[in-house]
Amino acid sequence: MSIDERVIETWPKIAAMFSVCPRTMMRRRDELQKAGVIFYRKRRAGERKVVCAFPSLLKLWIQQKAMEGKNF
């Protein structure tokens, strides 16, 4: 993760990084949270939380899955 790396927000944008549907990524929510790949934050007071991720952490996670021989 570099200092100037931008956060990706929302499931559709995260899923687009891997060319899968948002629902596919949402099914992996617990696994992604336990690995520290995604986090939630509020944009403004009173609004719902938004899922966020750093692209570099997502790439590392998918590489780790590939090394373990697991399909995404």
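The values are calculated or read from the model by the stated rules, or taken from the named source; none is laboratory data. Bear in mind the structure is a predicted one, so any value in this text is a computation, not a measurement. Note that we place each Cβ from the backbone using ideal geometry, even for glycine, and neighbour counts take in every protein chain shown.
Keeping to the stretch 1-44, report how many residues are among the β-branched types (Val, Ile, Thr) and within 14 Å of residue 62 (Cα to Cα).
Looking only at that region, the number is 5.
Within the stretch 40-57, identify whether any single residue is surrounded by 15 or more Cβ atoms within 10 Å (Cβ to Cβ) and without any contact (Cβ under 8 Å) to a residue 40 or more places away in the chain, and answer yes or no.
no
For the stretch 1-11, how many residues meet the condition of being exposed (fewer than 11 other Cβ atoms within 10 Å of the Cβ) and either modelled with pLDDT of 90 or more or touching a Lys or Arg at 6+ places or on another chain (Cβ under 9 Å) (or both)?
Count: 1.
Yes or no, residue by residue, for (1) over 13 Å from residue 9 (Cβ atoms); (2) at pLDDT 90 or above; (3) not hydrophobic (A, V, I, L, M, F, W, C):
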position: 24; (1), (2), (3): yes, yes, yes
position: 27; (1), (2), (3): yes, yes, yes
position: 33; (1), (2), (3): yes, yes, yes
position: 38; (1), (2), (3): no, yes, no
position: 43; (1), (2), (3): no, no, yes
position: 52; (1), (2), (3): no, yes, no
position: 57; (1), (2), (3): yes, yes, no
position: 64; (1), (2), (3): yes, yes, yes
